[in-house]
Amino acid sequence: MSNRWIGFLLALALGAALGLYYGWVLNPVEFVDTAPASLRQDYKADFVLLVAEAYQYEGSLELAARRLALLGSADPVQLATDGLVFATRTGYADADLAAIRALQLDLQAWLPAASPGTP
Amino acid sequence: MNDRRGPWYLLTGLFLGLLAGVLYAWLVAPVEYTDTPPASLRADFKDQYRTLIALAYAAGGDLNRANARLIYLGDPDPLAALVAQADRQAADPASAADVEALRRLAQALGAELASPTPALSPSPTAGQASPTPTASPSLTPPLPSPTTPLTTTLTPAASSSPPGPSRTSAPTRTPTLTPTPFATFTPLPSRTPTATPGAPFVLDERLFVCDPALNGPLLQIQVYDAANQPVPGVEALIAWDGGQERFYTGLKPELGLGYADYALTPGLIYRLQVGAGGQSLNDLAAAECESPGGQRYWGVWQLTYLQP
């Protein structure tokens with residue numbers, strides 16, 4: 001009787017291993033509608049640069065902050081800083097670094113308008 | 001006592017294990033994609049990304065970089081995607097600035113693809129603005145270089161064909177005018193750029209061209225704004241007794257961003273309106289030409305619309 005149980009458990013383990021292999025390797029779940037928050041770090045940094053360049057053109061900090069918020073739940077200043085750190089580390093051109101830095105500084109100085117009812 | 005139940009317990013275990021493994025891999029702990037490329041973004045996020053690319057181009061004018069960023073999005077036809085997005089957002093007044101930026105980028109890309117200039121494909125130089133560094137490959141994943149030449153493959157959209165009756169069943173019509181053989185397209189006069197967004201397009205020129213190489217009967221339109229720039233994404237509404245169809249400029253950028261064409265069906269009388277509130281043109285119909293040898297063939301209407 002114990003041999004049957006051992007055999008059963010071994011078969012169970014083998015089946016589980018095959019199932020995991022199928023579900024993780026052969027036919028994994030595909031995420032095709034991702035959000036900017038899941039972008040690879042270098043694409044995120046380029047996204048921050050995009051926002052900085054758009055800010056140069058439009059001049060709206062509120063828009064820039066909303067766009068940066070797509071990268072995650074962190075503070076827009078932190079998101080800009082993260083982008084600046086990566087851009088500096090990977091050798092972005094001076095003009096690009098200046099654009100991101102300008103956005104970062106303006107965001108630091110920017111205070112969103114208080115909504116009614118807030119102290 | 002002999003056990004004659006056979007190895008079914010093994011198969012049962014295997015099956016249950018398989019099921020448990022797949023469920024765990026798909027539901028409990030699925031593969032997480034944390035380092036995704038822009039091509040995997042949801043459609044609305046791609047739209048926002050595209051808008052940012054267009055705004056960045058408006059700020060810096062770096063067409064190579066804009067093209068490289070568009071390639072990141074993985075659109076089969078980045079130019080068509082730009083035009084389509086501008087078209088979708090054109091109805092929203094709050095998006096006017098974004099639409100303008102998208103159209104300007106589409107225009108620049110279309111012009112570059114129509115006549116590529118080596119000057120726009122520079123090799124990396126020191127200090128050149130670039131989102132992808134030329135050093136530290138270990139830190140930099142293999143992104144497309146922004147200096148990649150503009151090699152986006154455009155797949156021109158098929159010419160709009162009327163869903164109406166078959167061309168072969170149409171009777172032969174005698175032309176109501178005597179067109180000049182091989183009439184040329186008259187260049188537009190230069191105009192002082194006074195962009196007036198939203199002004200309806202008016203018919204500036206109407207030509208009937210007899211050229212068998214043009215494969216008539218065909219209606220060709222060219223649409224320009226007040227700054228004499230071709231305008232992509234303009235909707236043209238063509239109607240006939242019992243039907244109507246819409247077609248758009250810019251879907252054949254190799255022929256001009258403001259270009260659109262429509263295959264006419266002989267025997268039908270059309271009414272054409274270009275752009276919202278644009279001037280209507282009535283009694284448009286396919287007409288025949290005659291070669292010096294007496295052969296008859298269909299001619300082509302060429303219309304030019306301007307925005308005052």
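The values are calculated or read from the model by the stated rules, or taken from the named source; none is laboratory data. Computed from a predicted structure; not experimentally measured. We place every Cβ from the backbone using ideal geometry, glycine too, and count neighbours over all the protein chains shown. Note: areas computed on protein heavy atoms with side chains; ligands, DNA, RNA excluded. Shrake-Rupley method; radii C 1.70, N 1.55, O 1.52, S 1.80 Å.
Between the beta carbons of residue A:41 and residue B:96, assuming R0 = 41 Å, the FRET efficiency works out to 0.75 to the nearest 0.05. Largest accessible area first, the listed residues B:57, B:248 line up as B:248, B:57 when surface is computed with a 1.4 Å probe on the assembled protein chains. A Förster radius of 56 Å combined with the Cβ-Cβ distance from residue A:26 to residue B:88 puts the calculated FRET efficiency at roughly 0.90. The distance between label points at residue B:213 and residue B:283 comes to 3.3 nm (points 7 Å beyond Cα on the Cα→Cβ vector). Taking all protein chains into account, the per residue accessible area for the range B:8-83 stands at 44 Å² (1.4 Å probe).
Percent of accessible area on the range A:1-56 owned by carbon and sulfur, 1.4 Å probe? Of the solvent-accessible surface of the range A:1-56, carbon and sulfur hold 67 percent. Quick check for you: which residues of the range A:23-55 have the amide N under 16 Å from the point 7 Å beyond the Cα of residue A:78 toward its beta carbon? Taking a point 7 Å out along Cα→Cβ of residue A:78, the residues of the range A:23-55 whose backbone N falls under 16 Å are A:37-38. Averaging the inverse of every distinct alpha carbon separation and then flipping it gives the Kirkwood radius. What is it for chain A, in angstrom units? So the Kirkwood estimate lands at 17.7 Å.
For the range B:72-89, the residues whose backbone nitrogen is under 17 Å from a point 7 Å from the Cα of residue A:66, taken along Cα to Cβ, are B:89. Counting only protein heavy atoms and a probe of 1.4 Å, the accessible surface of the range B:246-294 is 48% carbon and sulfur. Principal semi-axes of the equivalent ellipsoid, √(5λ) from the alpha carbon gyration tensor of the range B:1-73, are 57, 10, 7 Å from largest down.
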